1. Here are some pairs, Lys228/Lys338; Lys58/Lys338; Lys122/Lys338; which of them have Cα atoms lying more than 31 Å apart in this structure?
2. Could you grab the relative contact order for region 4-98? Cα pairs under 8 Å, six or more apart, rounded to a whole percent.
3. With n ≥ 4 as the cut-off for DSSP H runs, can you work out [θ] at 222 nm for the chain, using -39500 (n - 2.57) per run divided by the number of residues, rounded to the nearest 500?
4. Work out how much length Arg271 to Glu25 would gain on full extension: take 0.36 nm times their residue separation and subtract the Cα-Cα distance, in nm to one decimal.
5. Put a dot 7 Å past each Cα toward the Cβ at Glu158 and Lys344; how far apart are the dots in nm?
6. Can you put Lys122, Lys199 in order, fewest other beta carbons within 10 Å first?
7. Please work out the Cα convex hull volume for region 205-345 and give it in Å³ per residue.
8. Non-local amide H neighbours of His136 (under 5 Å, H modeled in plane, Pro and chain starts lacking H): which ones?
Amino acid sequence: MSTEILNHVASHYRAFDIAFSSARENRLFREVGLLYSHTGTLGPDWKRLMDGLCNAGKTNLNLGRLLEGHANAVQLLRLYGDAEQHAWLDDALEADTLLGVWGADDTDPVRVETIAGKQTLKGSKRYASGLGMVAHAIVPIAGEDGNLQLYLLAVGDEGRQDPSAWNVGGMQASASGRYSFEDLSIEPEMVLGEIGVYKREPFFEGGIWRCAAVHLGGIEAIVAMTAKHLADSGRIDHPLQTERLGHAILEARTARLWVEDAGRRIEAPSRDEGIAFAVAAASYTRLQVEASALAVMEIARRSVGLTSFERDHPLNSAIADLSVYLRQANPDALLLHKCRTMLKGLGL
């Protein structure tokens, strides 16, 4: 995988437009997509995906978010797509097409209605990352029984995009706004897989390890930028600053070990490892990475001081982006519901 654009981490958290343009020039989305086998597995290439996601997060977390969604979409297409959809994906990857997965319903949820004998969509998705950049998205839609059906839909219609719905204090460049599917007709080739496949494990909840890998990149970038600032300002050898930086390194290393463990368990499990424990480990990885990120961001603010709050400072940008990106859905439920599985799997 080409990593030329992802190497200048210690001193740079790049602006999104520069990072995204470089990713395009290096056909990064194609390269990540080609890591997946035609059966949707990574095998030993899970480590290459982890490195790619982490390096993207170090460069710019918005880029990392788009790359993670793209990887998710490619895996779903490989896992559940038919031969024609696989051929379509081959062509899309060769063209370096950016894909996404848009799962969050708006207040008017997306649904399928039959109008004049034709299946038609109603409603909108929110938090649809990559508006104006993602060409096709995999969209889960609940039926009347609540079960989800996946659809592969073109999402390039600017008239359906509402970027103003995304107005937060970080990750703004991810363009995670609203997309209206109102009155879009459903064709047979848009249906992806059978009803209910979206939530099959270990790739549903277990897939959170990919987000954690991007978060890890943000953590490591913040540690590196903090260390560089302290070195440039002549304060890195002050014992209290050294202590803070040491704790930041401990947190970053802890996060990396958890992400490595989760990625291997989900994508390349050994024969004696169960799915339930792998998914629980990935869920707890998300929680540990969040805790490490919060600790590292606080250390960075205290170590660098007021400079870290300057609007144009890359450290401020990285912290703002990571603070938003960490806010995944329902962390308390993960902590509670996976506890017994973790205890059993660890033999405690």
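Computed from the coordinates by the stated procedures, all read-outs in this text should not be read as laboratory data. Computed from a predicted structure; not experimentally measured. Cβ: placed from backbone, ideal geometry, glycine included. Neighbour counts: every protein chain shown.
1. Numbers: Lys228/Lys338 39 Å; Lys58/Lys338 29 Å; Lys122/Lys338 35 Å.
From the list (Lys228/Lys338; Lys58/Lys338; Lys122/Lys338), the Cα-Cα distance tops 31 Å for Lys228/Lys338; Lys122/Lys338.
2. Working: 88 pairs, mean separation 36.3, N = 95.
Relative contact order comes out at 38 percent.
3. Details: 11 runs with 172 residues, N = 348.
Estimated from H runs of four or more residues: -16500 deg cm²/dmol.
4. Details: separation 246, 0.36 × 246 = 88.56 nm, distance 3.98 nm.
Using 0.36 nm per residue and subtracting the Cα-Cα distance, I get 84.6 nm.
5. 5.4 nm
6. Values: Lys122 17, Lys199 11.
Sorted ascending by nearby Cβ count, the order is Lys199, Lys122.
7. 109 Å³
8. Gly100, Val155
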